[in-house]
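Enquirer: The structure is given below, and queries will be raised subsequently.
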């Protein structure tokens, strides 16, 4: 569905669910995943329905992922870095004992 319009000229490797993905250094994580054919980024907290990026500018929060162990990261706003570990976010993140709220 999504295709790159230009070749990757400064490649880095990220890992989505332990799958190697070649991306352009510095591009948004969401763009790299979409170009690699990833269509589901997370599941919704209530219905567990699959979700994916919608606005690509940080307004909608549909692209939330776990990036390098940190939950609730917006994939459209996070930039690709070599060796980055990315995982789908299932529902809501677990609250840590030291979380406030």
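The values are calculated or read from the model by the stated rules, or taken from the named source; none is laboratory data. What you see is a predicted model, and the numbers here were worked out from it, not measured in a lab. Because the Cβ atoms are built from the backbone with ideal geometry, glycine has one as well, and the counts that use them run over all protein chains shown.
Enquirer: Which one is farthest from residue 42 (Cα to Cα), of the residues in region 63-77 that are outside any strand (DSSP E or B) and either in contact (Cβ under 8 Å) with a residue 60 or more places away in the chain or under 8 Å from the mean Cα position of the chain (by Cα) (or both)?
Expert: 76
Enquirer: Hey, among 52, 30, which residue is touching a residue at least 12 places away in the same chain (Cβ under 8 Å), in contact with a helix residue (DSSP H, G or I) (Cβ under 9 Å, 6 or more places away or on another chain) and surrounded by 13 or more Cβ atoms within 10 Å (Cβ to Cβ)?
Expert: 52
Enquirer: Return a yes/no flag: does region 75-86 have any residue that is loosely packed, with under 12 Cβ neighbours inside 10 Å and at pLDDT below 95. Write out each step before concluding.
Expert: Initially, region 75-86 is screened for residues loosely packed, with under 12 Cβ neighbours inside 10 Å, giving 82-83.
Checking the rest, the ones that are also at pLDDT below 95 come to none.
The answer is no; no qualifying residue exists.
Enquirer: Limited to region 3-41, what total is found for residues that are modelled with pLDDT of 95 or more and either within 18 Å of residue 71 (Cβ to Cβ) or in a strand (DSSP E or B) (or both)?
Expert: The qualifying residues number 20.
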